[in-house]
Every structure is written in C-alpha cells, then in structure tokens.
Amino acid sequence: MSTEHLDVVIVGAGLSGIGTACHLERDLPGTRYAVLEAREDLGGTWSLFRYPGIRSDSDMHTLGYRFRPWSSATALADGPSILEYVRDTAQEYGVEEKIRYGHRLTRASWDSDTQLWTLELPGQEPLTCSFLLMCSGYYRYDQGYTPDLPGLERFGGTVVHPQLWDPEMDYAGRRFVVIGSGATAVTLVPAMLEDSEDHGAAAHVTMLQRSPSYVLSIGRTDPVAEVLSRWLPRSVADPLTRTKNIAQIIALYQISQRFPRFVRGLLRKATQAALPEGYDVDTHFNPRYDPWDQRMCMVPDGDLFRAVRSGRADIVTDTIETFTEGGIRLASGQELEADVVVTATGLNLQMFGGAEVVVDGEPVHLPDTMAYKGMMLSGVPNLVYMIGYTNASWTLKVDLVAEYVVRLLRHLRDHGLGVAVPERDPDVEEAPFLDFGAGYVQRSIDELPKQGTRAPWRLAMNYAIDAVALRRSRVDDDTVRFVPARAGRVPEAERAAG
Ligand SMILES: Cc1cc2nc3c(=O)[nH]c(=O)nc-3n(C[C@H](O)[C@H](O)[C@H](O)COP(=O)(O)OP(=O)(O)OC[C@H]3O[C@@H](n4cnc5c(N)ncnc54)[C@H](O)[C@@H]3O)c2cc1C
C-alpha cells in the first residue's frame, strides 16, 4: 500500500492549529492538509484544563482570532466558552472534518532527496507531507511540574495538580492550601470558595507562595466593547475593540519596561486599595522582579482581593520546611492545616509534544538551532512552529505567523520551489529563546532553541512592530535558502490555489 501524501500537515488541534487551518481554508483553498491531534478532542489547553474557575487571563478580543473576532463584551472568558469558540470556528471554516484524532506524532524525518517529511504516528499508518506546521503548544500534556516537596509522603490528605484535576472532587467544608503564585493559583482561590451544587464551597483556602506576583484587577466585561457593540454593527465594533486592546497591551508592556518603578508604585496603590486597611501588601504583592518581566496575573473584578477580604482566603509568603500528617510546616514555624493541597506549581515546557525531529538521518538537537522570525529553525527545512506571545495574547502572534506561512507557501508554488530552509549566520550572536523570567521558562531554557540578537533571528515581541515585520518583509530574504521542487513535486494543492 502506498503512503498517503499531504501538502501540509498541522500537528495539534488547539487554538493555534485550528486558527492556522482556517488560514489555509481561507487563503490557500484546495490545499491537501490534515490536522493531527494526539487526543480525542480539539481545543488543546482549553479542553485539557478542568480546574475550577479555569479562564483566560488575557482579554478575549486579542486571544480570539483576527479573522473571527470574539464577539462578546466579556473580556476574561471561562475555559468552556473558549473551547466553544474554538469548536465553532473549526466548524464554520470546515476544519473539523480535517482533524484526525488519536494521531500522535512521535517522529518527523525530513529527506532532502525526496523533499518530504515522513511522519511516524504509533498505531496509525505513517504519512508524508511537504510542509509541517507544528502547532503542538509548549508544555507536556501528561504531567504538570511539581517541585520537590519535602516530607510529602507523610501528608495524610489529598494532593492534586491542576493539570490533572478530579472534576468529582468535593470541596464542601474542606481546607485547601494552593501552592503557587501564578495565574492558576489566583484563579483557584476565589473559585473554590464559590458554592455550587456539584462540589460545594471550600471552608478556607490558603494561597502559599514562595514569592509574590503582580496581580491586577480588570473588569470581567469590557465597558468600551459594550458601548461600541451597542452603537455599531458587530463587524465594526469587534475589530475596534481588538485594536483598542492591542494598543492597551503594548502600552502597558512598554511603560512597564521603561518606567518599572512608576508602574510598580501604581500597582502597589491599586492593590492596597483593594485589600483591608493595614494588609501587608509589601510581603504578599511586591515581586522581586519588575512589572512584566514575568506575565502579570489578571483577576476579574478583583475576585482574589474580595476572597481575602471575606476572611475565607489568605495569602502566606514563606517556604515549606516540611509536610506533616495534617498539613505544612513553614520555615517561619507557622503550620498550615490542610485537607487538600493543590500544587499550582506550573508546567513542564516541551517543544513539539516530545516528537523527535530528524533531518537527513540526523536528529535535530534544538539548542543547536536558531529561531528565524520566531517561527522556523535554522537547518530545518519546511517546518514552521507556532509559539505565541508570552507578554500579550498568544493568538496575536500565531495569526501573524499563519499569514506568513500562507505567503511562504504561495512563494514556493509560484516559483516552482520545493524547499525553504533558514541558514544560520555565524555572525549573529545567540540569545535565550524566550526573554521571560517565569520559572517554567527558566527551568527548560537550555533544552530550547536559541534566538539571535538581531532580525530576522529575533522578533520584537511587540505586536505593532512584528505585524509590520511579518506582513511586509520579503519571504525570500537572504537568510532562507530555497531549492527548486523536484520534478513533478510541486504540491497540487498549491497549484490548485493559484
Ligand atoms: C491554564 C492555561 C491558561 C492560559 N491562559 C492564557 C491566556 O489567557 N492568554 C494567553 O495568551 N495564553 C494563555 N495560555 C497559553 C495557552 O496555552 C495559549 O493561549 C493557547 O491556548 C495555546 O494554544 P496552542 O494551540 O498553541 O497549544 P495547546 O493549547 O497546548 O494545544 C496543542 C495541541 O497539540 C496537541 N499535540 C501536542 N503534541 C502533539 C503531537 N506530537 N502529536 C499530535 N498532537 C499533539 C495537543 O494534544 C493539543 O491539543 C494559557 C495556558 C494555560 C496552560
């Protein structure tokens, strides 16, 4: 039996994979492509995480796709609504029938002679494709990150990681300790105090953090979006809201980076005003790093602060000396009693969902590669990866990269080319792949590719600048080597699209 061949294979049916497939449907119709998804559902992050309160912590008008704007005034949406949005988008653009569930890519091997990727998919027939789009997210799905927790084996209660949440868990009357200070921890604390028929309300929740994060209260709904959508048609109001939010994100990030002390002061004042008089803001909400050196935690309508004010939640900043039978003893000597400990301690970063990438028989060692325009890797032909922004909504970058991919595929088609491979420039110095201080990034930075110190080996991480760079820059710059397509090997779909 001959191996099935596709023009393009997208790996991953999350926000990025579905969005990228829509770009192909819209702008390169006729492309023979499939979306390979390891799991049995689409949505990626938004179908995997089931912990209480799961929601976006960046606004939906920028986390939603540019080509299908989020059309609700709700700025921070819950996980199920985001999943529904991704599902509806896949349906509307005819992408749903292109998804092959239960297809986990474990090895992708490029062969320069045939100009083909061969994809190994355990339990399924292998496939070949001309172009590979890795929309596989950035972390391990099978396990979250749990640091070494001294004495954990002694603890008599339940321990759960938010990535492997038990939806049947009963909270009623139980005392929870949530270890962590990131977006997940600040989401969980108020959510577990809310009463519901399914799980009841926790008696008390303590957020135990080693060091604090910046926490900013923003409106659950966007008043400007509300006004615009009342007076203007959706087709005008939604893109306007999106543009306003992009400007807002860029301004907040740039001002934070340029005037960190000023922004730190403003955040401190806002936090102080949201908490009871005399609350120790300097211990619990004053991070060691400057604003936006790590992602800021957004809390809708100040729900975390409200939980603290209610007296049913508190925040403790300390280190764990040891777990005990009934809870946790801290370095300060304080004891926290707990029935359940939630380890909201983060993710394990992973590129390509752990799939091995091989070029002409040689395994690709990611740290030896350099990222080109934040989407291709030096020495790796016909492969684009989608990793979104860490300082703004993920999809802003993914949408830009998908537009670029369309331009690149058109260029290959129009010029009878079969291969595009960025070639590393020895004069460009190496820099870390992500300029981001978050623990999960720093833990794995040595296993990731590098970026360069200048364009096109780095992006600005600023949507306004990157949008110009990715939309206007030539796809045939001097950095990319193009190879004519082997005779008879111009992808049919790309011809069809012409
Ligand atoms: C809890 C949480 C909240 C977040 N909130 C925000 C937010 O508010 N704003 C923001 O901008 N970002 C947020 N992020 C980052 C978030 O992951 C992105 O916004 C976005 O959802 C990522 O989409 P993705 O499709 O790139 O990756 P994912 O959602 O991770 O999807 C990847 C898909 O690829 C599949 N896959 C992976 N490897 C393989 C393989 N080898 N073979 C086949 N299939 C494979 C996976 O099964 C999965 O379905 C959040 C992340 C987490 C964990």
(1) over 30 Å from Gln248 (Cβ atoms); (2) more than 14 Å from the ligand (Cβ to nearest atom); (3) touching a residue at least 24 places away in the same chain (Cβ under 8 Å) all hold for Leu36 apart from (2)
Tell me the residue from Thr31, Thr3, Thr74 that is at pLDDT below 95 and buried (at least 20 other Cβ atoms within 10 Å of the Cβ), please.
Thr74
Tell me, yes or no, whether the stretch 271-288 has at least one residue that is free of Cβ contacts under 8 Å to residues at least 24 places away in the same chain and touching a Lys or Arg at 6+ places or on another chain (Cβ under 9 Å).
yes
Condition test on Gly311, is it touching a strand residue (DSSP E or B) at 6+ places or on another chain (Cβ under 6 Å) and away from the ligand (no atom under 16 Å from the Cβ)?
no
For Asp142, work out the one condition from (1) surrounded by 15 or more Cβ atoms within 10 Å (Cβ to Cβ); (2) under 20 Å from the mean Cα position of the chain (by Cα) it doesn't fulfil.
(1)
Collect the residues in the stretch 246-269 that are surrounded by 16 or more Cβ atoms within 10 Å (Cβ to Cβ) and aromatic (Phe, Trp, Tyr), keeping them in residue-number order.
Tyr253
For the subset of the stretch 1-23 comprising residues that are polar (S, T, N, Q) and more than 7 Å from the ligand (Cβ to nearest atom), which member is nearest to the chain's Cα centre (by Cα)?
Thr20
Those residues of the stretch 206-243 which are touching a helix residue (DSSP H, G or I) at 6+ places or on another chain (Cβ under 6 Å), in a helix (DSSP H, G or I) and either modelled with pLDDT of 95 or more or of a type in the set (Asp, Glu) (or both), in sequence order:
none
I'd like to verify a number: residues in the stretch 133-152 that are under 25 Å from Gly326 (Cβ atoms) and in contact (Cβ under 8 Å) with a residue 40 or more places away in the chain, how many?
7
Would you be able to tell me the number of residues in the stretch 173-203 that are assigned to a loop (DSSP other than H, G, I, E, B) and within 24 Å of Phe323 (Cα to Cα)?
7
Within the stretch 104-120, work out how many residues are assigned to a strand (DSSP E or B), away from the ligand (no atom under 15 Å from the Cβ) and surrounded by fewer than 19 Cβ atoms within 10 Å (Cβ to Cβ).
1
Arg26 - would you say it is assigned by TED's automatic domain parsing to the domain that holds Cys135 and either within 9 Å of the ligand (Cβ to nearest atom) or touching a residue at least 60 places away in the same chain (Cβ under 8 Å) (or both)?
yes
Residues of the stretch 270-306 being surrounded by 15 or more Cβ atoms within 10 Å (Cβ to Cβ) and polar (S, T, N, Q), in sequence order, are Thr271, Gln272, Asn286, Gln294
Tell me, yes or no, whether the stretch 395-410 has at least one residue that is among the small types (Gly, Ala, Ser), part of a strand (DSSP E or B) and either modelled with pLDDT of 95 or more or surrounded by fewer than 18 Cβ atoms within 10 Å (Cβ to Cβ) (or both).
no
Of the conditions (1) more than 29 Å from Glu194 (Cβ to Cβ); (2) more than 16 Å from the ligand (Cβ to nearest atom), Asp339 clears all except one; give me its number.
(1)
Filtering the stretch 121-135 down to residues that are surrounded by 17 or more Cβ atoms within 10 Å (Cβ to Cβ) and more than 22 Å from Val483 (Cα to Cα), which residue is farthest from the ligand (Cβ to nearest atom)?
Leu127
Can you tell me how many residues within the stretch 453-480 are surrounded by 13 or more Cβ atoms within 10 Å (Cβ to Cβ) and either at pLDDT below 80 or touching an Asp or Glu at 6+ places or on another chain (Cβ under 8 Å) (or both)?
8
Could you tell me which of the residues Gly333, Gly353 is modelled with pLDDT of 95 or more and assigned to a loop (DSSP other than H, G, I, E, B)?
Gly333
Out of Pro426, Pro422, Pro363, sole residue that is within 16 Å of the ligand (Cβ to nearest atom) and free of Cβ contacts under 8 Å to residues at least 60 places away in the same chain
Pro363
Matching residues in the stretch 71-103 - criterion: being without any contact (Cβ under 8 Å) to a residue 40 or more places away in the chain and either in a strand (DSSP E or B) or in the same structural domain as Arg295 (by TED's automatic domain parsing) (or both):
Asp78
What number of residues within the stretch 51-70 are more than 8 Å from the ligand (Cβ to nearest atom), within 15 Å of Leu15 (Cα to Cα) and assigned to a loop (DSSP other than H, G, I, E, B)?
8
Are there any pairs with C-beta distances below 8 angstrom linking a residue in the stretch 183-196 that is more than 19 Å from Glu168 (Cβ to Cβ) and touching a residue at least 12 places away in the same chain (Cβ under 8 Å) to a residue that is assigned to a helix (DSSP H, G or I) and acidic (Asp, Glu), with the two at least 6 apart or on different chains, and if so which?
Pro190/Asp303
If you go through the stretch 58-65 one residue at a time, do you hit one that is at pLDDT 95 or above, under 19 Å from Met134 (Cβ atoms) and over 17 Å from the mean Cα position of the chain (by Cα)?
no
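The values are calculated or read from the model by the stated rules, or taken from the named source; none is laboratory data. Please read these numbers as outputs of a predicted model, since none were measured by experiment. So basically every Cβ, Gly included, is an ideal-geometry build from the backbone, and we count neighbours across all protein chains shown.
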